[in-house]
Structures are given as structure tokens and as C-alpha cells.
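Working notes, structure below.
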Amino acid sequence: MLQITLPNLLPMYFGYEDTVEAFVNKSNAPLLQEYPEIQAVIGSTVSLPCNLSPPSNDDVISLVLWYRLDLPNPIYTLDSRSAPSADMAKHFSSKVLGSRAYFNVSRRSLAHLKIDPVEEDDAGEYRCRVDFKRGRTMSRLVKLNVIVPVKKVSIRGRDNGTYSGLIGPFTEGDSLVLICEARGGFPRPTVTWHRGTRLLQGSVSVDDHGVVRNELYFNRLRREDLLIVLTCRASNNNVSAPVYATVSLDLNLKPQSVQITTVPTVKLKRSRSKDYDVFYPFCIADPPQLSLVFGASVQYEHIREGSDVYFECNIQANPPVSEVKWLFNSKNLVHDSLRGTIVRNHSLLLHNVGRRNRGTYQCLASNAQGRGRSEEVVLRVQYSPICSERQRRNYGVAKNEEVNVLCSVDSDPQEVVFKWVFNSSLSETTDVFSFVNNGTGKSVAKFTPKAKTDYGALYCFARNEVGNMRDPCIFNIVPTGPPEPLQNCTITNQSFSSLSLSCDIGDDGGSKQSFHLEIYSMRREQLLANVTSHDNPSFIVRGLPAGTSFIVVVYSSNAKGRSTSVALTASTLFSAERQTEDENKSVVSAVLLVSLAALGTLALLAVAAVVAVVKNKSRSSSNEVATTGQEMVEKNPKPSKPAFEDGNPYVYHTREVTTDYVHLTPKSASECIYERLMDGKPSSYETVLCRSHVLNEEGIEVIIPVIER
């Protein structure tokens with residue numbers, strides 16, 4: 001076991017100074033777990049693992065503290081002491097990480113601190129301290145190495161002049177020194193010279209400023225060095241692409257021999273003189289005749305990626321050509337040394353060819369007599385396997401479920417050999433042997449996760465005669481199942497004929513999920529609407545009956561099944577027509593009651609009048625004293641006030657009567673009904689008539705509250 005002494009941190013948290021190994025041996029339960037070192041390139045994303053699984057099933061997480069061992073204070077804190085679970089805990093990030101860090105605790109055993117983007121100062125040893133409510137404190141240790149790529153690569157000569165692109169011309173037979181310098185980067189980069197795919201031997205040195213140099217020396221330049229492409233590469237990791245610089249050599253070649261290769265066509269022109277004929281020779285002018293061939297050193301049948309390809313355009317023209325052009329797949333091809341395309345005179349050089357250079361090539365030339373065109377030459381470049389595009393990269397698999405993972409590659413030649421490797425969630429790699437080749441360039445691996453650690457990534461490697469593929473095809477194996485129920489569902493809007501509902505998304509179970517809503521009539525108990533959303537759990541249902549109560553059911557589903565349903569109750573508002581009907585019913589009911597009350601009062605008055613007449617008759621028959629008219633006058637004196645007003649016998653003067661009855665109007669009834677319905681209370685005649693209206697002495701309508709029964 002690797003012993004790591006923590007003189008400053010262990011006394012602070014454990015009460016004594018000791019090595020990690022000694023501390024672990026003092027307890028039966030492991031208190032410190034070490035993870036393998038993690039490499040990350042600056043500017044990328046890295047995940048630092050921290051297993052949060054409690055020692056017992058009845059224990060929960062209380063506090064998690066992340067430390068970088070060169071700093072005294074925590075750089076990230078997760079506090080769940082006042083939360084029901086770690087998923088609802090509070091997160092605190094220090095100024096060291098800021099918003100670049102987030103601690104993902106959705107899966108306890110796979111919890112990790114994500115840092116995006118990684119900075120150079122993030123390198124170091126990290127400790128994740130986990131406090132449980134019952135169990136002992138656990139610590140996880142992981143080391144992060146931050147890789148800083150090379151900043152710049154340059155090529156220069158002995159005179160410190162910087163070279164790039166086509167350099168020269170140099171003279172055949174001269175010596176040449178090229179110096180490649182790589183600046184920046186951690187760890188120290190490796191600097192190499194290459195000619196195509198062949199590695200060239202150079203002299204490597206490092207100065208006091210950390211600049212790495214590689215000197216390439218040519219003792220004597222040869223004819224074969226004309227237009228060769230030299231590449232200097234600098235790399236310090238196998239994650240990011242190497243940094244490189246490229247130059248091409250231009251040479252002045254000495255003539256080897258001189259000979260006449262073609263005899264021009266000569267014709268005689270006749271001119272008549274006085275005594276004899278004169279013939280003048282002259283040449284015939286023709287348009288250019290062209291032929292395109294590979295260079296002498298190129299073997300057409302075995303051109304592989306990374307090689308240099310040389311074309312020659314042979315031209316016969318009289319007069320000489322004034323312009324030469326090159327076509328690639330019937331499109332103009334121009335000089336671009338950065339991409340390895342070098343056009344010089346009647347020659348074309350393709351440096352470091354690959355799949356991008358496969359196709360047809362042709363040269364064109366023109367003179368005063370016209371334009372000529374060569375035949376098309378097909379360039380076939382053999383290359384190592386690469387991953388085919390548009391493949392399925394993510395597979396959601398349940399525990400103990402077998403899945404067939406298809407890996408497809410493109411290559412030339414197409415005969416390939418496959419190899420499968422599985423990288424688990426614990427960063428452990430194992431070879432996979434249960435796979436078959438399904439045709440040329442395809443392979444199918446059978447994989448069955450049997451535990452939580454069996455989820456991770458499957459790597460598909462392939463090789464052919466050219467070589468091994470540079471980057472493997474990666475397929476993610478993630479756990480899957482039915483999705484979790486929707487959360488925090490609320491009715492966001494109500495109207496007379498529509499309802500709006502929104503929910504929060506739960507875990508998707510490892511595969512894409514859809515969201516569903518069903519509306520049932522609470523009174524009729526029948527389905528009224530069924531809506532599905534593939535984007536988010538937000539629904540709007542229109543065309544519902546007004547003033548009706550419903551049961552709303554929402555749930556999510558994926559390829560593995562559906563979640564538990566969530567039910568809510570909701571209702572639409574009453575429409576204006578229904579309110580008017582209720583108004584009229586209330587007004588009619590009030591008038592009917594008043595009419596009944598009036599009839600009852602009249603009936604009582606009639607009964608009282610009959611009783612009074614009967615009593616008066618009985619009193620008259622028993623009275624024997626009043627016999628004369630004067631006595632009658634004495635018994636019935638005149639009233640103090642005249643019985644008639646203004647002498648009109650048909651107008652009676654009555655006493656003032658207080659109108660304390662309820663005065664109903666359509667306006668008052670509609671207001672009461674609407675307010676009662678909006679309150680959501682049971683509506684009846686007594687509760688709806690919440691206000692009464694009377695007229696005061698000035699004739700103004702006054703609202704008198706009526707107590708609910």
C-alpha cells in the first residue's frame with residue numbers, strides 16, 4: 001500500500017499524527033480509500049470520485065467536505081444535516097473553484113466532484129471527507145495531474161531565421177541544419193522529426209528556460225530531397241493532439257543529361273519566283289497535349305495514410321503553355337502548404353495523405369492555341385480503421401439484462417480484427433471475449449451487467465494491414481428502468497374551458513422519457529382528454545366544460561415502463577351564461593318568498609278582522625244603557641283630527657311605515673353568486689344571498705350585510 005503522511009490534516013480531524021496505513025490498521029473498517037491518479041488536460045472536464053455509500057443501510061450522510069491538501073480550508077462543502085436527504089442538501093463552493101465545480105450525489109457509490117473547465121492550479125491531491133449520522137467518518141484520497149499542452153512549435157535555421165511552408169531554394173549537394181523548438185507544456189514534451197511516417201534521428205537538448213530543441217542535420221542534399229515535407233511534432237500526452245510545424249524543401253538541381261526528346265513537325269511553304277520555285281520551312285502550332293503520372297518513387301497499389309504522393313504533369317505544347325491548373329474531384333486545387341498541398345511548376349506534392357485526399361486528380365494547361373486536359377488519375381489511400389458516423393453510443397441496460405452492442409468501422413482494406421475492452425465505473429479495465437464479427441467492418445459484443453460496478457464504457461478497437469485505429473469507438477453502458485414519478489405538479493392556470501399544468505422532471509431511468517396527462521370527469525367518472533408531451537411535462541388542455549370538477553392524472557414513461565401516477569383535482573371556472581342563469585333563479589326564488597310572505601300576512605289580517613267583528617257584535621247586544629242619540633254621541637265622541645284630508649273623503653291619512661324588507665336586484669344577485677362561487681364554498685339560496693339592499697330616506701340604495709345561516 002502507498003503510504004502518505006498527512007502531518008497537518010490528520011491531527012486536525014483524528015487527533016494524532018500518523019501515516020494513512022497505520023491509521024487504517026487501527027480500525028476494522030477502512031477509514032481512507034485511495035483512488036488511482038487521474039489525468040486531465042487544461043481546459044477540459046474532470047470528475048473526482050468519492051463513494052458516499054454508508055456503512056449500514058440505516059445510516060445517512062450528514063456532511064461532506066472536499067479538501068485540496070495544499071490548502072487549509074475546505075474547497076467544497078455539502079451539508080445535509082438539516083435536509084431530509086443528501087439530494088436536497090446545501091452546496092457551498094469556495095473561491096478556489098467557484099462556479100466551476102459541482103458535487104453530483106445522485107448515485108451514492110458513483111458520486112463525483114465535477115470541475116469544468118480544469119485550470120493549471122487545480123493539480124494536486126484531493127481528500128473527500130464523509131461524515132455519517134451514526135457511522136464513523138470515511139475519507140477518499142485522489143490525485144489530479146493537470147496536463148498543460150505545448151504552446152508553440154517553431155522551425156528555424158542556424159541564422160535564427162524562422163522557416164515555414166516552402167523554404168529555399170537550396171542547392172543540390174549543400175548541407176542544411178533545421179532546428180525545431182517547443183515552448184511551454186507540462187510535463188516536458190517530446191520533440192521529434194518525421195518525414196511522412198518515417199521517424200528521423202535528431203539531436204535533442206533542453207535550455208535553462210525549459211525550451212526543448214531537436215536539431216536535424218543534412219550532410220548533403222540529394223535530388224530525392226526535392227519538395228520533401230519535414231514535420232516537427234511536440235507532444236506531452238496521449239489525450240490532446242500534438243502540436244507540429246511543417247516545412248518543404250525546394251532545391252536547385254544540376255542537369256544530368258541533355259537530349260532531344262521530340263522532333264517538331266515541319267512543313268514547307270512554296271513560293272514561286274521568275275525562273276524557279278522557293279520552299280520555306282515553318283513549324284505547326286498545336287494545343288497542349290498532357291499526361292498525368294505518379295512520381296517515380298510512388299507505388300500506386302500501396303499508398304497508405306501518412307505517406308507523401310507526387311504527381312507529374314507531362315506537357316507537350318508549341319508554343320509553350322502559359323498556365324497550368326490542377327483539379328481534385330473536378331474542383332480547382334490550389335497551393336496550401338498548411339494542409340500539405342504543394343503546387344510547383346508542373347508538379348503536385350501531397351504531404352501526409354489521408355482519407356481526405358482520396359479521389360480523382362487531373363491537370364490542365366493552356367497556350368495561345370487552346371487548352372489541353374490530362375486523363376483522370378484515381379488516388380486510393382489505404383487507412384487504418386476509424387469509427388463509422390451515426391452509431392448508437394448510449395445503451396440503457398437493466399441489471400442482469402443482455403444487450404448487443406454494435407461497433408462499425410470504416411477502413412481500407414476492409415478486412416479488420418476487433419478487440420473489446422470494458423472500463424467499469426471504478427476505472428478497472430477487463431477484456432471482453434463474447435463478441436462476433438458481423439460482416440466486413442462490423443462487430444457485435446454481448447454484455448450483461450450483473451452488479452452496480454458493471455456499468456461504464458465499452459471500448460471497441462480495430463486494426464487492419466495499415467495499422468491500429470487511433471481512437472476507439474466508445475459505447476456507454478448506463479443503468480435503466482422505469483422513470484421516477486413527476487414532482488411538484490401544480491395547476492398553473494384556469495379558465496372557463498381550459499387548464500394548464502406543469503411538473504418537475506424526475507430521473508429518466510437511463511433512457512429518453514415521455515410525459516402523459518389524463519383528465520377524468522369527477523362526476524361522470526369517464527376519460528375526457530389524453531395528452532402526451534415528448535419534451536417537458538407542461539400541458540395545456542382546451543375544450544373542457546365550464547364549472548366542472550376533474551381528476552388530473554400525470555405520469556412519465558420510457559422503453560422500460562411507466563412511472564407511478566400522480567393525481568390532482570382541478571376545476572374550470574363558471575361561464576357567464578351559467579352565472580346569469582343562477583342569477584335569475586336566485587331572483588325568482590327571492591320574489592317567490594316575498595310573495596308568499598305577503599299572502600301569509602294578508603291571511604292573518606283577514607282572520608284578525610273576522611275575530612274583531614264577532615267581538616263587537618257581542619258587545620252591542622249586551623249594552624242596554626245607550627238609547628238616545630245624544631248618548632250615542634257621548635259614547636262615540638268626534639276625533640280630535642278630521643277623518644279626511646283636504647276635505648277629500650277618498651284620500652286616507654296613514655302612519656309612516658318602515659320598508660325593512662329585502663330589495664333584490666339582478667345586479668346584487670349576480671355579485672353575490674359570483675363571489676360565493678369564487679370562494680369555492682357550497683352554494684345554496686341562503687349563502688348566495690349574501691347582501692340585502694334598501695332605500696334610505698334620501699332614496700339612496702344602502703347595502704346591509706346579512707349573516708350567513
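The values are calculated or read from the model by the stated rules, or taken from the named source; none is laboratory data. What you are looking at is a predicted structure, and each value in this text was computed from that prediction instead of being measured. Note that we place each Cβ from the backbone using ideal geometry, even for glycine, and neighbour counts take in every protein chain shown. The area values use the complete protein model at the heavy-atom level, side chains included, leaving out ligands, DNA and RNA. Shrake-Rupley method; radii C 1.70, N 1.55, O 1.52, S 1.80 Å.
Points to keep in mind about this one:
- Asp508 meets each of the listed conditions (1) under 20 Å from the mean Cα position of the chain (by Cα); (2) at pLDDT 90 or above; (3) open to solvent by less than 80 Å² (accessible area, probe 1.4 Å) apart from (2).
- Boolean, Leu97 is farther than 30 Å from Val211 by Cα and surrounded by 19 or more Cβ atoms within 10 Å (Cβ to Cβ): no
- Selection count where residues are under 29 Å from Ala398 (Cβ atoms), at pLDDT 90 or above and either in contact with a Pro (Cβ under 8 Å, 6 or more places away or on another chain) or surrounded by 15 or more Cβ atoms within 10 Å (Cβ to Cβ) (or both), scope region 511-532: 6
- Pair list, Cβ < 7 Å and 6+ apart or interchain, from region 197-214 residues that are within 11 Å of Ala182 (Cα to Cα) to residues that are of a type in the set (Asp, Glu): Val211/Glu181; Arg213/Glu181
- Val432 being farther than 30 Å from Val324 by Cα and without any contact (Cβ under 8 Å) to a residue 40 or more places away in the chain: yes
- Ser240 modelled with pLDDT under 90, among the small types (Gly, Ala, Ser) and either in contact with a Phe, Trp or Tyr (Cβ under 7 Å, 6 or more places away or on another chain) or open to solvent by 80 Å² or more (accessible area, probe 1.4 Å) (or both): no
- Count of region 548-564 residues which are in contact (Cβ under 8 Å) with a residue 60 or more places away in the chain, surrounded by fewer than 19 Cβ atoms within 10 Å (Cβ to Cβ) and not aliphatic (A, V, I, L, M): 5
- Considering region 355-403, the residues that are within 30 Å of Gly510 (Cβ to Cβ) and free of Cβ contacts under 8 Å to residues at least 40 places away in the same chain include one that is farthest from the chain's Cα centre (by Cα), namely Glu389.
- Considered as a group, the residues in region 48-62 that are over 18 Å from His112 (Cβ atoms) and among the polar types (S, T, N, Q) include one that is most open to solvent (accessible area, probe 1.4 Å), and that residue is Asn57.
- Restricting Gly135, Gly184 to those that are more than 28 Å from Asn252 (Cα to Cα) and open to solvent by 30 Å² or more (accessible area, probe 1.4 Å) reduces the list to Gly184.
- Breaking point among (1) of a type outside the set (D, E, K, R); (2) under 37 Å from the mean Cα position of the chain (by Cα); (3) modelled with pLDDT under 90, for Tyr310: (2)
- Residue match in region 539-546 (condition: modelled with pLDDT of 75 or more, more than 30 Å from Val397 (Cβ to Cβ), in contact with an Asp or Glu (Cβ under 9 Å, 6 or more places away or on another chain) and not aromatic (Phe, Trp, Tyr)): yes
- Of all residue pairs spaced 6 or more apart or on separate chains, those with beta-carbon atoms under 9 Å, a first member in region 462-485 that is touching a residue at least 24 places away in the same chain (Cβ under 8 Å) and among the charged types (D, E, K, R) and a second member that is open to solvent by less than 40 Å² (accessible area, probe 1.4 Å) and assigned to a loop (DSSP other than H, G, I, E, B) are Arg463/Val416; Arg463/Met469; Glu465/Pro413; Glu484/Gly506; Glu484/Gly509; Glu484/Ser563.
- Residues within region 300-344 that are within 20 Å of Thr231 (Cβ to Cβ), assigned to a strand (DSSP E or B) and among the hydrophobic types (A, V, I, L, M, F, W, C), tallied: 3
- Among strands (runs of 3 or more DSSP E) entirely within region 345-457, having at least 2 residues that are among the polar types (S, T, N, Q) and surrounded by fewer than 16 Cβ atoms within 10 Å (Cβ to Cβ) singles out 429-432.
- Counting the residues of region 63-94 that are farther than 30 Å from Asp121 by Cβ and either open to solvent by less than 100 Å² (accessible area, probe 1.4 Å) or assigned to a loop (DSSP other than H, G, I, E, B) (or both) gives 6.
- Residue within region 100-122 that is closer than 12 Å to Leu78 by Cα, more than 24 Å from the chain's Cα centre (by Cα), open to solvent by 30 Å² or more (accessible area, probe 1.4 Å) and touching a residue at least 24 places away in the same chain (Cβ under 8 Å) present: no
Conditions tested, residue by residue: (1) open to solvent by 20 Å² or more (accessible area, probe 1.4 Å); (2) part of a loop (DSSP other than H, G, I, E, B); (3) β-branched (Val, Ile, Thr).
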site: Val142; (1), (2), (3): no, no, yes
site: Cys180; (1), (2), (3): no, no, no
site: His194; (1), (2), (3): yes, no, no
site: Asp208; (1), (2), (3): yes, yes, no
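- In the set Arg213, Arg220, only one residue is among the basic types (Lys, Arg) and in a strand (DSSP E or B); that residue is Arg213.
- Residues in region 458-482 that are under 26 Å from the mean Cα position of the chain (by Cα), more than 23 Å from Gln513 (Cα to Cα) and either open to solvent by 20 Å² or more (accessible area, probe 1.4 Å) or acidic (Asp, Glu) (or both): Tyr459, Asp471, Pro472, Ile474.
- In region 533-546, the residue that is nearest to the chain's Cα centre (by Cα) out of those that are crowded, with 16+ Cβ neighbours inside 10 Å and under 19 Å from Phe574 (Cβ atoms) is Val541.
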